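See below for the structure under consideration.
Just so you know, all these numbers are worked out from the coordinates, no wet-lab data involved. These numbers come from a predicted model, not from an experiment. Ideal geometry is used to build each Cβ from the backbone, glycine not excepted, and the neighbour counts take in all protein chains shown.
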């Protein structure tokens with residue numbers, strides 16, 4: 001009598017028609033994301049990998065895979081393009097990596113909203129929506145490779161948040177279609193606030209198949225670099241552009257010295273030691289934008305029209321948000337980063353205070369946005385000259401002591417990455433509803449592990 005097959009072998013045998021990844025090197029790569037931005041996560045997650053990886057192409061393939069994984073109790077890690085930074089796509093307990101990038105159909109645009117399958121790349125979504133006069137409201141700097149489901153499951157916002165706030169702001173996410181992780185999976189549509197219970201949970205409390213989003217009107221976006229000799233002038237200029245309600249913009253990013261020195265591909269436009277502001281604005285807003293440049297004594301060193309950007313296929317957006325960190329790491333492997341949020345109305349003074357307290361060790365990179373309440377402020381993705389894990393914790397505490405909120409990017413537990421440190425009952429109820437067997441990347445949600453422990457000891 002033959003011994004029972006190993007669960008992974010059984011998956012391969014019973015679902016042989018699926019697109020399984022068999023190369024061990026590719027499975028290892030699909031088990032990683034950009035968590036190496038953090039030296040802490042790089043150490044903690046080293047060697048973590050899945051036993052198998054699969055790339056489903058249809059809803060039926062996903063359903064059959066989920067059903068068998070549930071029956072065999074095989075963990076599932078959902079992955080888009082792996083551009084997250086917290087170890088979201090790193091499996092802690094082996095199992096199967098579910099690469100959603102092949103499930104990528106564009107579904108529709110109508111009435112200022114759009115919908116696509118979760119594996120669709122954001123850049124491809126924008127190309128499909130543009131003939132309708134629409135584009136995504138918020139995109140990360142990784143828009144060429146990042147997926148819609150990945151943005152929903154692990155993203156915050158990004159380029160465009162200057163207008164529409166973070167992804168979780170009311171009206172940005174309208175609905176999702178998800179599947180339960182059970183032997184008899186169910187397909188369920190969640191709308192509005194219910195859908196947001198799966199947002200930024202790293203795919204731990206639901207497997208999202210489709211995402212419906214609010215869209216924005218397309219503009220011919222002009223991109224500029226404006227340089228300054230003074231930190232205060234650069235910061236105040238960025239804040240003035242953000243507050244100029246008549247200037248139509250999509251991105252306002254401050255890179256304080258010495259960060260511009262790390263942007264080697266832009267060296268011709270960034271004088272040594274300068275502070276730089278990257279702006280993407282509608283072509284029709286160029287004149288009032290230049291008036292502010294003159295008022296704050298800045299110098300335009302780079303200017304490209306939408307046509308020139310399209311022709312070159314190069315955009316300054318790939319020097320903003322966490323691409324700033326990526327570009328700096330190419331030059332200095334000893335750098336890591338923070339994620340900070342400043343208080344609206346106090347943000348300029350808070351940024352100046354942190355620059356005085358930690359300048360030279362913590363390099364200021366701010367992104368001007370609207371917050372959840374629609375108030376203009378800025379968030380920061382500061383670069384840190386890393387020395388020790390203990391000093392990194394001290395730096396984050398200094399921010400907290402000065403009223404600056406930290407979303408810790410050096411942890412792989414969902415709760416630890418959130419400023420409040422706790423998950424709502426609604427999120428936990430959603431986890432219970434969509435993942436009752438705790439198969440979605442187990443180990444990432446502390447509250448769920450505590451719940452299982454309580455049950456076991458009862």
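Annotations
- On Cα atoms only, tilt of 347-358 relative to the major axis of the chain in degrees: 90
- Separation in nanometres of the label points that stand 7 Å from Cα toward Cβ, at residue 402 and residue 145: 3.4
- Antiparallel content of DSSP bridges confined to the chain, in %, to 5: 90
- Protection proxy ranking of 307-313, 293-299 - average other beta-carbon atoms within 10 Å, highest first: 293-299, 307-313
- Segments 134-147, 345-358 sorted - mean Cβ within 10 Å per residue, highest first: 134-147, 345-358
- Correct choice for Kirkwood radius over Cα pairs in Å that was computed from the model, options (1) 25.7; (2) 29.3; (3) 22.8: (3)
- Rounded tilt (10° steps) of 59-72 against the dominant C-alpha axis of the chain: 60
- As a rough footprinting exposure proxy, the listed residues 126, 435 were ranked by other beta carbons within 10 Å of their own, and the order from fewest upward is 126, 435.
- Between residue 5 and residue 124, the distance separating the two model label sites (each 7 Å from Cα on the Cα→Cβ line) works out to 3.0 nm.
- Extension gain for the segment residue 245 to residue 283, taken as residue separation times 0.36 nm less the Cα-Cα distance, is 12.2 nm to one decimal.
- Angle between the chain longest axis and helix 231-243 axis [Cα atoms, degrees, rounded to 10]: 70
- Estimated D of the stretch 7-100 in µm² per second, where Rh is the Kirkwood radius over Cα pairs and Stokes-Einstein applies at 20 °C, 1.002 mPa s: 160
- Contour excess over end-to-end distance, with Cα ends at residue 387 and residue 93 and 0.36 nm allotted per residue: 102.8 nm
- Spherically averaged projected area in nm², based on the convex hull that wraps the Cα atoms of the stretch 221-406: 10.2
- Extension gain for residue 418-residue 20 works out to 139.8 nm (0.36 nm per residue, less the C-alpha to C-alpha distance).
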